[in-house]
Amino acid sequence: MKNVKAIVAALSAAVMCALPAANAFTADAYAQSGARFTFRKNFAVSSAKNIDHLVFGVKCATAHTDGPKASKIASGTLTPGAGGNAGVHNAGGTFYPSNRNMVGGMVSVAMVCDSPYDYVEKGVTNYAYDANNKLIKDAVGAGPTFLVGDLDLDKDIDAKDYDILFAGVKKVAPYSWSKYKFSYFGYMNVAVGGVGRNYSFYSFDINDDGYLSQDDLDMFQSYNSGNLKRFPK
Ligand SMILES: [Ca+2]
Ligand SMILES: [Ca+2]
């Protein structure tokens with residue numbers, strides 16, 4: 001069974017690397033240049049797993065959606081890879097962390113859409129390997145894809161989200177110079193207007209650096225004022 005999985009993983013990696021230009025033929029269907037909505041999926045590690053490299057990515061519909069763009073959260077070497085078929089993006093990359101026993105956010109993929117209703121996910125690639133190229137089962141957790149900046153999950157990114165973001169960041173990083181390294185697998189209770197709710201820490205990490213800090217508040221305000229078009233890495 002292990003061998004079968006390794007072969008499937010190797011095929012998946014090979015397909016992603018072998019078809020870099022496949023999406024060029026349907027470019028008109030992607031997000032417009034002014035698209036404002038960034039969806040993100042994080043890949044994170046909960047405890048030391050001796051990971052040599054991760055092959056990761058997302059499959060999603062192309063309508064009004066740009067191809068997934070891979071970014072590093074931890075330090076290491078990232079090689080982006082992309083493929084897909086008509087109507088489907090399939091993109092991500094291969095990541096070699098500089099520390100095999102790293103804990104926390106590893107990489108992310110971001111998908112830019114014309115509207116908060118455009119994103120349609122078709123699948124996730126998530127295979128971690130040790131230094132002998134042997135699959136390590138369930139080594140890396142792939143979080144749910146979320147709309148960056150929409151903390152109250154109403155598909156708008158507005159002042160109500162900022163109130164939650166501000167309360168959450170200040171709770172764990174109270175000073176302008178504070179940086180809080182969070183667990184991607186934990187929750188934080190944040191109260192706004194006397195009502196407390198649980199939120200995933202990563203939804204507060206607007207700039208996708210693995211920490212909650214003033215930088216996240218600044219980036220949100222820059223976006224909401226229109227100076228920043230979307231949430232890039
Ligand atoms: Ca919202
Ligand atoms: Ca951050």
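Annotations for the structure displayed:
- Measure of compaction for segment 135-200 (Cα Rg per 2.2 N^0.38 Å): 1.30
- Here the relative contact order of segment 48-129, from alpha carbon pairs under 8 Å that lie six or more residues apart, stands at 46 percent.
- Kyte-Doolittle mean at least 1.6 and Cα axial length at least 27 Å: DSSP H helices in the chain: none
- Test item: Cα-centred dipole of the chain, Lys/Arg +1 and Asp/Glu -1 on Cβ, debye: 800 debye
- Proximal charge balance of Ser75 [Cβ under 13 Å; K/R count +1, D/E count -1]: +1
- For the chain, the mean projected area of the C-alpha convex hull, equal to one quarter of the hull surface, is 12.9 nm².
- Taking packing as the residue-averaged number of other Cβ atoms within 10 angstrom, the listed peptides 213-226, 55-68, 36-49 run from highest to lowest as 55-68, 36-49, 213-226.
The numbers here are math on the coordinates, done by the rules we state, and not lab data. Remember, predicted model here, so these are calculated numbers, not experimental data. Quick reminder, even Gly has a Cβ in these numbers, built from the backbone with ideal geometry, and neighbours come from all protein chains shown.
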